[in-house]
1. If you take every DSSP beta bridge whose two residues both sit in the protein assembly as shown, what share of them, in percent to the nearest 5, is antiparallel?
2. For labels at A:S37 and B:E125 in the simple 7 Å Cα→Cβ model, what's the distance in nm?
3. Pairs of lysine in chain B with Cα under 14 Å and at least 8 positions apart or on different chains: total?
4. Taking the alpha-carbon distance from A:K153 and a cut-off under 16 Å, which aspartates and glutamates remain once sequence neighbours fewer than 8 residues away in the same chain are dropped?
5. Could you tell me which GluC sites (Glu not before Pro) in segment B:283-366 are loop residues by DSSP with no more than 16 other beta carbons within 10 angstrom of their beta carbon?
6. Over segment A:152-309, what relative contact order in percent results from Cα pairs under 8 Å that are six or more residues apart?
7. How much of the DSSP bridge set in chain B is antiparallel, in percent, rounded to the nearest 5?
8. Looking at segment B:1-84, which chymotrypsin sites (Phe, Trp or Tyr not before Pro) are DSSP coil and have at most 11 other C-beta atoms within 10 Å of their C-beta?
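Each reported figure results from applying straightforward, stated rules to the coordinates on display, with no laboratory input. What you see is a predicted model; the values in this text were computed from it and never measured. FYI the Cβ positions are ideal-geometry reconstructions off the backbone, even for glycines, and counts take in every protein chain you see.
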Amino acid sequence: MTATATFEKDRRDRGGPTRPVRHGSMSRDRKRALFWSYFFLILFVIFFLTPPIYMFITSLKSSTEIAGATNPWWVFDPTLANYEALLTSSEFLTFILNSAMVSVLVVSITMVVSVMAAFALSRMRFWGSATLATGIFLCYLIPETLLFIPLFKMFAVVNEFTGIQLLNKWYVLVLVYPTLTVPFCTWIMIGYFASIPKELDEAALIDGATYLQTLTKIFIPVALPGIIAATIFAFTVSWAQFLYPLAFTTSSDQLVLPVGIVTTLIKGDVYNWGQIMTGALIAAAPPLVIYAFLMDYYIAGLTAGATKG
Amino acid sequence: MSQVTLHKVVKNYDETPAVRGIDLDIADKEFVVLVGPSGCGKSTTLRMIAGLEDITDGEIVIGGDVVNDVPPKDRDIAMVFQNYALYPHMTVFENMSFGLRLKRVPKDEIRQRVESAARILDISELLDRKPKQLSGGQRQRVAMGRAIVRDPKVFLFDEPLSNLDAKLRVQMRTEIKKVHQKVRTTTVYVTHDQVEAMTLADRVVVMNAGLIEQVGTPNELYHHPRTRFVAGFIGSPAMNFVPCRLEEASGALRILLPGGHAFPVPAERTERYRRHAGSADLVFGLRPEHVTETHRNVEPNQEAFEVTLEVTEPMGMETLVYFQLDGAEVCGRVNPAAGAEAGQPMTLLADLNHMHLIDGTSGLVL
């Protein structure tokens with residue numbers, strides 16, 4: 001028997017195929033799929049990166065250069081004057097401070113409320129809990145463009161009866177933003193908690209944990225990826241919120257960043273494009289940094305195995 | 001002392017009954033296995049003992065105290081779940097010590113108890129790992145460790161081996177038995193696998209449709225099943241059942257199958273069966289191990305008969321043969337050397353010393 005024949009027989013004895021094997025039958029399909037994936041990915045990247053790049057280029061130009069009929073995609077005479085002007089303006093720094101305080105407070109309130117609400121709705125079975133959960137989601141479907149009018153009216157009524165003026169105060173935004181963030185974050189957390197196996201809280205229950213201990217020692221650590229996702233959402237919403245601050249705050253020491261940039265840098269029909277772009281770029285930085293840091297953690301959390309082997 | 005007593009325990013989910021009034025006494029240090037098909041109420045019973053389900057009616061007593069309204073943490077029990085239910089963000093040490101930490105047990109004692117439990121289960125070197133770094137078998141050990149550490153009155157196991165592959169399951173089965181021999185604690189163990197039930201239990205509780213069919217030692221259940229359900233559930237392959245009639249001729253009884261096959265009833269059973277003579281609503285039961293190939297020295301009460309084999313399953317140490325006997329599918333276990341071949345006729349031997357006769361209506365073994 002030749003060596004090849006021995007090999008062939010050996011292969012058959014091990015349960016191998018009896019015909020010669022063709023390799024790589026999938027490769028042509030895969031190549032085509034890869035080509036189109038990259039094609040569309042590149043298309044999306046161009047589409048979404050063009051505006052920030054344009055903002056960045058414009059922020060490095062002087063007003064003269066912006067007004068001049070030069071190539072808008074190239075900086076001939078770069079300057080940091082716009083950055084300098086904004087970062088030394090006490091008004092602009094107030095906007096940043098207001099935005100930061102509002103966002104941090106809103107995120108904290110939102111997370112405390114929605115995590116506790118989601119735990120109660122998903123784990124403590126009580127009468128009407130399922131209806132309540134759906135109701136919370138329905139709240140999210142009401143757009144802020146509809147909500148701000150009744151809210152405005154409520155502020156007026158509060159003022160009428162108690163004499164407390166709620167308009168034109170930055171901290172009132174802290175009360176108003178959760179109407180947008182809490183329903184959605186609660187919904188995310190209900191979904192996330194639902195993915196935690198029931199046996200985990202039963203084990204904790206037998207181990208002697210109270211509901212609060214089960215929440216703080218088991219659910220919050222296990223649901224950290226979900227909590228981070230909800231936090232990112234709440235922060236993005238409150239940082240970028242435009243309509244509420246535009247409606248509820250007016251004097252420049254109470255404004256937050258998005259409204260502040262628009263109201264102070266556009267005077268009548270004079271648009272200070274250089275500073276507007278610079279302001280927008282600075283305003284976009286914190287969410288970007290937060291995404292960059294938390295994404296790694298977020299993905300690491302998602303890949304962790306929970307119960308089964 | 002930690003006996004567990006169930007007294008007329010009922011559980012209804014809305015209007016659907018899950019457990020329909022069961023009585024059970026579990027002695028101190030006893031290993032009791034609840035076994036039955038899915039939906040028979042065995043898991044619900046265990047969860048009621050744990051306190052994870054309210055009971056609709058009846059009484060559960062652990063160590064002398066009625067615990068109907070006692071929350072799980074105060075029942076002094078520990079439970080091992082099918083999917084392990086380890087806390088994924090904690091190390092093995094933290095998982096095992098979680099209950100003790102909640103009870104504010106001193107740190108030194110916690111360490112000592114965790115380490116001694118880890119030694120029993122051979123997981124000392126895993127204490128710093130997270131659950132996701134462990135294999136299925138190791139996770140199940142940790143889950144058992146978490147139970148042992150708390151030194152409870154009662155261990156509750158809810159199908160702990162069902163998530164493991166076949167080989168590991170056998171290994172862990174032995175492991176659980178060893179652990180119970182070392183840590184003698186009252187144990188209630190739920191499984192749907194009758195082999196697990198037979199091998200582990202001091203006493204097996206066979207449940208069906210929310211009721212207890214029979215309670216007994218593994219051998220009692222195997223040799224003296226009280227109902228057709230138990231007879232069919234315990235033993236693998238399952239007992240053969242063929243509808244039959246009982247006839248009396250000149251003082252001796254014989255079993256008559258619908259297709260004309262007849263088997264004599266052993267003389268010592270004549271008295272027991274006599275009053276059912278003439279009844280047509282009976283079922284003849286014989287385990288596959290009592291249907292074998294013929295051999296030279298046929299003993300009394302062994303009856304030869306000829307069949308055509310339909311399927312043969314070589315298992316190595318024996319060959320399972322399947323054939324039709326008067327309209328019923330019957331399985332036998334023959335010596336691999338007996339030359340059983342599908343499609344071929346074969347003479348087999350029924351050992352009637354081990355026969356069962358079952359009332360077709362009540363399902364009771366006569």
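1. Of those bridges, close to 80 percent are antiparallel.
2. Distance between the two pseudo-spin positions: 3.9 nm.
3. Going through chain B pair by pair, I get 7.
4. A:E144
5. B:E341
6. 28 percent
7. Looking only at bridges with both residues in chain B, the antiparallel portion is about 75 percent.
8. For chymotrypsin sites (Phe, Trp or Tyr not before Pro) across segment B:1-84 that sit outside H, G, I, E and B with at most 11 neighbouring Cβ atoms in 10 Å, the list is empty.
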